[in-house]
Structures are given as C-alpha cells and as structure tokens.
Amino acid sequence: MKLMTALIIIAALFLAACSDPSEQGRELRVGLIAPVTGQIPEVGRSTVEAAKLAVEEINGRGGLIIDDEQYKVVLLIEDNRDNQEQTISAALELINQQNVSAIIGPQASRNAIPAARYVEYAQIPMITPWSTNPDTTRHKNWVYRAAFVDTFQGKLMAKFAYEQLGLRKAAVLYDISSEYNRNLAEVFSVAFKDFGGGIVAYELYTRDAPDFTEQLRRIQAAQPDVLFLPNYYNEVPVQARQARKMGITAQLLGSDTWTQILEDDRSAVDGAFFSTHYALDRADGGALNFRARYRQTYNREPNDVAALTYDAFGLLFEAAQRHGGVEPQGIRDALNTIDNFEGITGVIKFQGSGDPVKSAVLIEVKNGEFVFSKWVEP
C-alpha cells in the first residue's frame, strides 16, 4: 500500500513538471478593451483579431518565456461599446475582478483618456494601440501608446498641404464632442497658419447631429482649396459626398482614422491624402510575415489598428521578459527602458514618457485603393 502511494505521488509530481504552465499558475493575464459593438465596430474587430493572433502565437509555442519559465498568456476581452461609461466599467472589471497585469486599449482617444485616469490610480500599466490624443498619456506614469501623437500628425498634414500641395486656404470640419477630432483640428489649424496659410472656415458638429448641410454651406462660401476632415471612418464618406454634391472641389485631407473606411465607401474620398501608421503595400520583414499570418487566419488584410494592436502586445511581452515577471510595477518599469522595439508599424522608442518617437505614413486614395505616398520622420 505504501509503495502504491509513493508511486502515485511520484507520478503526480512528474505530471506537474510536464504540465501546461497555466496548470501551475504561471500566467500573464492581459485585459483587452475594444469597441466590439457601438459606432466603430470595425475598429473592435481588428483589435480582437490582432490580439488573438498575438496571444495564440505565443501560447502555440508553449507560452511566453519569462526568466526561463513558461507563462501562458490569458486574454480577457471587454467590449466598451465605444462608450466612456462602459470603458470605465470594463477597466474596473479587469483590474478588480480579473486581476490583470496590464491592459491593452482602449483604442479611440475619447475612451482611452478616461480609462487612463483609472489605471493611473490603480497602478496598472496600460498600452493604447491607436489613441493619438496627447491627453491620454499627459501627466501619466502608467500609460503608454503604440501610435504617434496628434501634435505630430496635425503638423504633418498642415505642412504637406502648404509646402507639398501649395494650398493656402483651408477649411476644417470636425466633431467637437470627441477629444481626438477636436484636438487634431486645433493642431492642424494652428500649424497651417504658422506656415503662412489661412483658415477660412472652422466648422464643428456633434455625433448626435449627423447632417452637415449648414456647415458645408458656410465652407462652400469661404472657397477653400483644402478641406481637412479629422473624423472617424463611419462619418467621413458621408461628409465627402455631401461636400462634392454641394460643389466643394477643395483637396480633401484626413487623419489615421481613415484607414478604417470600407472599400465600398472609398470612392467618396478618391484623390485624398491622409496620415497613418502602417503601409500595407510597403510591408517587409516582420511586417510582411505578420501580414501573411493575418491573411491566413482571417482571410483579409490587416489594417493599422490590427498592426498597432499587435505591436502593443509585442511591447507588453518584451516588457514582461525584461522585468522577469508579471507584476504590474515591474512591467511598467521595463516599458520605460524600451528604446528600440522593432514593431510592425516601425521602430518604437520611449524617451522619458509614454509617447513613442516614431515615423508616420502618408497615404493617397487612388481608385478605391490606399496607396503609399511617403514616410515622414519625426
């Protein structure tokens, strides 16, 4: 009987040694906050797809190797419905109930900004892939991003309009209720005037009032030669069609949210330029491999949200490995040391803040396709 008991104990110890890391409690628990439903579901879809791809790749290799130990990455997804209150609820759920080591997301700045306040208080590292508003990371020690900021993006587009296209009179139409749209409109306008141009129309709207007729009538009267639309992908095609229908022939310019514009809607912005983070037709090296894996898994091309989300997970994994554990404080400290991360969207460098130093991509819309125009260095 004693011999049988001893054999059972030895067998149990052997199985424990050979078992999956999660069965031994070695886990990296990661929260993901994404707009799966709401006004920008395409953003949510790309976010979840890229997150699952990143996690499944790591776990498929046996787990994340941290200090010579295997850790299973546990992905916990919360739908914030593109709503600020739901975003806060999702963050609290992940922090207080799910005991995550870090949070990836939210994506839209209007949701990332309030979430950042809560993770800062809770001292949980957060990496937002897509939020570009400076307020997301301003005065924060626990909040990071994988994207460039709007101060860079807005100046980039203003300089391109003035110096490269030779345009001198600009109009802006933007959603004043959204931090992203409002800040980008302000940055572009200030920069365009600093370069020597004039803002001849500066029109606003709110998401609950989707008709733009009056604003576009005033823009038409101002006769701009460029119309800047720093708005979300579900609104821009409607705005562009109305503008053209009313006889506005100004050059259309946009921002990184335009990459989500569906193929059926791209004809509305044909000939336009916009700034973004990732050029599909210029992918090489790791970016090319990512594109191939994404296409094989989801039967569609990855967009900038997918690429940035994948990079955010890469940053988190790198930080956990540098730290040698999954404690939030250690991950945060390790993120501060990353100064040359080779991501899908380019090299990411943190230099004293949660805002990376990285380049941008300028895209032209040609015959329904997003075509690489140029790289723009910071």
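The values are calculated or read from the model by the stated rules, or taken from the named source; none is laboratory data. All of these numbers come straight from a predicted model, not from anything done at the bench. Glycine gets a Cβ as well: all are built from the backbone with ideal geometry, and neighbour counts include every protein chain shown. These area figures cover heavy atoms from the full protein model, side chains too; ligands, DNA and RNA do not enter into them. Shrake-Rupley method; radii C 1.70, N 1.55, O 1.52, S 1.80 Å.
Taken as Cα centroids, region 89-103 and region 108-145 sit 14 Å apart, rounded to the nearest whole angstrom.
Would you calculate a helix-derived [θ] at 222 nm for the chain, using -39,500 (n - 2.57) for each DSSP H run of n ≥ 4 and dividing by the full residue count, to the nearest 500? Let's see the in-between values first.
Numbers: 11 runs with 149 residues, N = 378.
Helix-only estimate at 222 nm: -12500 deg cm²/dmol.
The heavy atoms of Phe148 offer some 0 square angstrom of accessible surface to a 1.4 angstrom probe. Using +1 at the C-beta of Lys and Arg and -1 at the C-beta of Asp and Glu, which of Asn183, Val100, Pro134 has the Cα lying farthest in the positive direction of the dipole of the chain? Ranked along the dipole, the leading option is Asn183. Around the Cα centre of the chain, unit charges on the Cβ atoms of Lys, Arg, Asp and Glu (plus for the first two, minus for the last two) sum to a dipole of about 440 debye. Measuring with a 1.4 angstrom probe and ignoring ligands and nucleic acids, Trp258 comes out at about 0 Å² accessible. For Glu369, the solvent-accessible surface with a 1.4 Å probe is about 110 Å², rounded to the nearest 10. Can you bin the chain into rounded, prolate or oblate? Criterion: square roots of the alpha carbon gyration tensor eigenvalues sorted a ≥ b ≥ c, rounded for a/c under 1.5, prolate for a/b above b/c, oblate for the rest. Prolate, because a/c is 1.5 or more and a/b exceeds b/c. Ranked by solvent-accessible area (1.4 Å probe, protein heavy atoms only, all chains present), the residues Tyr298, Tyr232 order from largest to smallest as Tyr298, Tyr232.
With an 8 Å cut-off on Cα pairs and a minimum separation of 6 or more residues, tell me the relative contact order of the chain in percent.
Values: 764 pairs, mean separation 59.7, N = 378.
Reported relative contact order: 16 percent.
With a simple spin-label model that places each label point 7 Å from the Cα along the Cα-to-Cβ direction, the separation between Asn99 and Glu163 comes to 5.4 nm.
When Asp68, Asp281 are compared by accessible area at a 1.4 angstrom probe, the order from most to least is Asp68, Asp281. The GNM of the chain, with springs linking C-alpha atoms under 10 angstrom apart, assigns the highest mean-square fluctuation among Tyr278, Tyr71, Tyr144 to Tyr71.
Averaging the Cα positions of each part gives two centres, and for region 340-364 and region 168-246 these lie 27 Å apart.
If you sort the three axes of the alpha carbon gyration tensor as a ≥ b ≥ c, you get a/c of 1.5 or more for region 158-210 and a/b above b/c, which makes it prolate. Cross-link pairs exceeding 25 Å in C-alpha to C-alpha distance, out of Lys52/Lys140; Lys72/Lys140; Lys193/Lys374; Lys169/Lys349; Lys140/Lys374; Lys52/Lys72, comprise Lys52/Lys140; Lys72/Lys140; Lys169/Lys349; Lys140/Lys374. The relative contact order of region 151-276 comes to 26 percent, based on Cα pairs under 8 Å that sit 6 or more residues apart. Tell me whether region 151-276 comes out rounded, prolate or oblate; compute the Cα gyration tensor, take square roots of the eigenvalues as a ≥ b ≥ c, and use a/c under 1.5 as the rounded threshold. Verdict is rounded for region 151-276.
Of all accessible surface on the chain at a 1.4 Å probe, what whole percent is carbon and sulfur?
The value for the chain is 48 percent carbon and sulfur by accessible area.
With both residues required to sit in the chain, DSSP beta bridges show an antiparallel share near 35%.
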